[in-house]
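Trainee: Below is a structure I'd like to ask you about.
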Amino acid sequence: MGKKPCLSLRELEKQIGYDLDTLSDPMGKNIIVGELVERYLCTKTGVKPNTLANYNFVRNLLKKETFSEKKISQIKTSDAKLFLIKLQQDGKGYSTIKTVRGVLRPAFQMAVDDDVLHKEPIRL
């Protein structure tokens, strides 16, 4: 059988204590990247048609990627970099990658502002 791949009780206690001290929302960490982006895009009202088209483009691109199914609490800066590199290797252009980053970064910043995350992983 072996040990399950999870944190030890001491590590869990430490993490919960840190969440309580910083008033973080431990349940919000179960949100996946796709849900976070949707939540962020819902806050963007009164945008121009081209901006709305770009948002829909990013939304559709993320639906096809496994990155959007990861929990936001498990995303590290290296994960974000690797995702953007993967987009480049898949043939996406600079403008497309910049547009995707332009949606992901403020979405993660919103999670930090809402006290769901401690720091923003997409600081590229």
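The values are calculated or read from the model by the stated rules, or taken from the named source; none is laboratory data. Note that the structure is predicted; figures quoted are calculated from it, not measured. Just the protein is used for accessible areas: all its heavy atoms, side chains included, with ligands, DNA and RNA removed. Shrake-Rupley method; radii C 1.70, N 1.55, O 1.52, S 1.80 Å.
Trainee: Given 81/119; 86/119; 63/92; 64/92; 44/64; 48/98, which pairs have Cα atoms separated by over 20 Å?
Mentor: Distance filter (> 20 Å) returns 86/119; 44/64.
Trainee: Calculate one ³J(HN,Hα) per residue across segment 46-62 by plugging θ = phi - 60° into the Karplus curve 6.51 cos²θ - 1.76 cosθ + 1.60, and present them in order as whole Hz with x for glycine and proline.
Mentor: Running phi through 6.51 cos²θ - 1.76 cosθ + 1.60 with θ = phi - 60° gives x, 8, 6, x, 5, 5, 4, 5, 5, 4, 5, 4, 5, 4, 5, 5, 5 Hz.
Trainee: Considering only protein heavy atoms, what is the solvent-accessible area of residue 78 at a probe of 1.4 Å, reported in Å² to the nearest 10?
Mentor: Approximately 70 Å² for this residue.
Trainee: Please work out whether segment 30-116 counts as rounded, prolate or oblate from its C-alpha gyration tensor, where a ≥ b ≥ c are the square roots of the eigenvalues and a/c under 1.5 means rounded, while otherwise a/b larger than b/c means prolate and anything else oblate?
Mentor: oblate
Trainee: Specify the inter-centroid distance of segment 71-85 and segment 30-62, based on alpha-carbon positions, in whole Å.
Mentor: Each part's Cα centre sits 18 Å from the other's.
Trainee: How big is segment 67-124 along each principal axis, measuring the range of its Cα positions in Å and listing the largest first?
Mentor: For segment 67-124, the Cα extents along the three principal axes come out at 35, 18, 18 Å.
Trainee: Determine ³J(HN,Hα), in whole Hz, for all residues of segment 79-90 in sequence, where each value follows from phi through the Karplus function 6.51 cos²θ - 1.76 cosθ + 1.60 and θ = phi - 60°; x replaces Gly and Pro.
Mentor: Here the 3J(HN,Hα) series is 4, 5, 4, 5, 5, 5, 5, 4, 4, 5, 5, 6 Hz.
Trainee: Continuing with this model, one more query. Please list the non-local residues whose amide H lies under 5 Å from the amide H of residue 116, H modeled 1.01 Å from N, same-chain partners needing a gap of 5 or more.
Mentor: 25
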